[in-house]
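The values are calculated or read from the model by the stated rules, or taken from the named source; none is laboratory data. All figures in this text were calculated on a predicted structure; none of them were measured in a lab. For neighbour counting, all protein chains shown are included, and Cβ atoms are generated from backbone atoms with ideal geometry for every residue, glycine included.
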Ligand code: F3S
């Protein structure tokens with residue numbers, strides 16, 4: 001890989017040990033992936049925050065960067081932590097876990113990272129960092145990566161927690177994969193027929209993720225998808241497969257400005273998916289579970305404004321049934337930006353709202369939960385695997401019907 005004189009200087013320790021280590025990580029990654037050079041980035045989003053998933057190894061890595069004087073050099077935000085940073089007691093989090101989690105957040109803050117604890121940085125640009133078409137960025141968190149590439153036209157690979165922190169520190173990333181024009185062209189055309197419910201977008205994403213794991217889909221026939229639908233579709237696609245980019249005809253920016261021939265000529269497979277096919281996907285990938293469900297978890301990806309409005313419309317005038325819980329996860333900044341009446345209306349129904357975290361990266365299993373319902377294809381994928389929680393996927397309307405009654 002060809003480095004500039006400045007990059008060689010950093011690699012040889014000329015900017016101190018933290019930058020040297022970060023540069024070493026990126027050069028090793030770039031050589032492994034066949035990158036020709038490093039490129040400048042305008043933003044980093046760092047995953048690997050929860051003590052549940054990162055453990056002592058994460059603390060040790062952050063301490064090393066901290067002790068070596070590391071600082072991020074581009075606007076950098078942080079993925080969800082393992083708990084609500086204020087309401088962790090109400091969540092039932094063990095104080096020992098909370099102490100470790102607090103240490104991780106403090107260490108990230110000492111490196112200059114905005115301790116946002118959100119997986120929807122793309123909904124918070126005014127406060128965080130603006131990212132636009134063609135910008136090179138280094139983001140971790142697969143739902144944010146696929147959203148940034150697809151909906152914003154920005155360019156990032158699916159970074160791991162170490163590589164995105166290294167990129168944040170030296171302001172560069174290896175030039176390969178999603179950073180290259182030719183790697184962003186669609187390889188499979190997916191035509192959708194019929195009306196799509198909100199949940200169908202999760203199922204479509206999961207189906208594409210499982211069946212076209214290494215492809216780039218061009219989706220045709222989606223009728224006016226809203227932001228929450230696209231968030232859920234991308235999150236399920238990236239959870240079930242290794243995808244980092246999709247195009248939706250007439251919706252995503254690169255599909256709108258592309259040379260149609262360049263898209264068409266690159267496609268080597270074409271499939272059609274009907275609503276009956278999606279019902280079969282539900283049966284196959286998200287079967288119903290045995291036993292009574294008392295707890296429902298929503299907000300994967302974390303709830304944005306659109307999902308809050310949908311939730312409010314569904315639960316207005318209702319209250320939770322005795323013994324039922326709905327846990328909703330969102331970002332602190334997003335929550336603060338919402339209409340107070342909207343938030344109060346959701347809370348009045350009995351929904352527990354937590355910030356800074358989510359159902360997957362918080363230790364819900366250690367808090368006694370063994371079964372859950374969710375409206376998220378991504379959460380339904382990860383909860384059984386990461387937390388041994390049997391999970392049933394269902395539309396938000398069914399969650400409200402099962403858990404609430406008219407007030
Ligand atoms: Fe976000 Fe947690 Fe889901 S980080 S995408 S809410 S697994």
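Using the structure shown, decide if residue 38 is surrounded by 14 or more Cβ atoms within 10 Å (Cβ to Cβ) and part of a strand (DSSP E or B).
Yes, satisfied.
Return yes when residue 369 is in the same structural domain as residue 317 (by TED's automatic domain parsing), in a loop (DSSP other than H, G, I, E, B) and more than 21 Å from the chain's Cα centre (by Cα) and no when it is not.
It is true that residue 369 is in the same structural domain as residue 317 (by TED's automatic domain parsing), in a loop (DSSP other than H, G, I, E, B) and more than 21 Å from the chain's Cα centre (by Cα).
Search segment 368-389 for residues being over 20 Å from residue 228 (Cα atoms) and out of contact with any helix residue (DSSP H, G or I) (no Cβ under 7 Å at 6 or more places or on another chain), and hand back the single one that is surrounded by the fewest Cβ atoms within 10 Å (Cβ to Cβ).
Once the filter is applied, the top-ranked residue is 368.
Kindly list the number of the only condition in (1) free of Cβ contacts under 8 Å to residues at least 24 places away in the same chain; (2) exposed (fewer than 14 other Cβ atoms within 10 Å of the Cβ) that fails for residue 69.
Result: residue 69 fails condition (1) only.
Kindly establish whether residue 273 is closer than 30 Å to residue 352 by Cβ and crowded, with 17+ Cβ neighbours inside 10 Å.
For residue 273, the condition - closer than 30 Å to residue 352 by Cβ and crowded, with 17+ Cβ neighbours inside 10 Å - is not met.
Scan segment 383-407 for residues that are part of a helix (DSSP H, G or I) and over 17 Å from residue 83 (Cβ atoms) and jot them down.
Result: 384, 385, 396, 397, 398, 399, 400, 401, 402, 403.
Restricting attention to segment 125-158, and to residues there that are assigned to a loop (DSSP other than H, G, I, E, B) and within 16 Å of the ligand (Cβ to nearest atom), which single residue is modelled with the lowest pLDDT?
Applying the filter and picking the extreme gives 128.
Right, residue 26: over 24 Å from the mean Cα position of the chain (by Cα), away from the ligand (no atom under 16 Å from the Cβ) and either part of a helix (DSSP H, G or I) or more than 21 Å from residue 116 (Cβ to Cβ) (or both) or not?
Taking the combined requirement at face value, the residue does not satisfy it.
Within segment 72-87, can you find the residues that are more than 16 Å from the ligand (Cβ to nearest atom) and over 23 Å from residue 166 (Cβ atoms)?
Result: 86, 87.
Name the pairs: first residue in segment 298-326 and under 14 Å from residue 339 (Cβ atoms), second residue away from the ligand (no atom under 16 Å from the Cβ) and in a loop (DSSP other than H, G, I, E, B), Cβ to Cβ under 7 Å, at least 6 apart or on different chains?
305/338; 306/226; 308/338
Tell me, which strands (runs of 3 or more DSSP E) lie completely within segment 252-354 with 2 or more residues that are within 20 Å of the chain's Cα centre (by Cα)?
295-303, 325-330
Looking at segment 76-92, which of its residues are at pLDDT 95 or above and in a loop (DSSP other than H, G, I, E, B)?
79, 80, 81, 82, 83, 84, 85, 86, 87
A quick yes/no check of all residues on (1) over 30 Å from residue 118 (Cα atoms); (2) in the same structural domain as residue 143 (by TED's automatic domain parsing); (3) free of Cβ contacts under 8 Å to residues at least 24 places away in the same chain; (4) touching a helix residue (DSSP H, G or I) at 6+ places or on another chain (Cβ under 8 Å):
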{"residue": "12", "(1), (2), (3), (4)": "yes, yes, yes, yes"}
{"residue": "30", "(1), (2), (3), (4)": "no, yes, no, no"}
{"residue": "34", "(1), (2), (3), (4)": "yes, yes, no, no"}
{"residue": "38", "(1), (2), (3), (4)": "no, yes, no, yes"}
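Looking at residue 360 and the list (1) within 23 Å of residue 92 (Cβ to Cβ); (2) without any contact (Cβ under 8 Å) to a residue 60 or more places away in the chain; (3) touching a helix residue (DSSP H, G or I) at 6+ places or on another chain (Cβ under 8 Å); (4) outside any strand (DSSP E or B), which single condition is not satisfied?
With (1) within 23 Å of residue 92 (Cβ to Cβ); (2) without any contact (Cβ under 8 Å) to a residue 60 or more places away in the chain; (3) touching a helix residue (DSSP H, G or I) at 6+ places or on another chain (Cβ under 8 Å); (4) outside any strand (DSSP E or B) applied to residue 360, the lone miss is (2).
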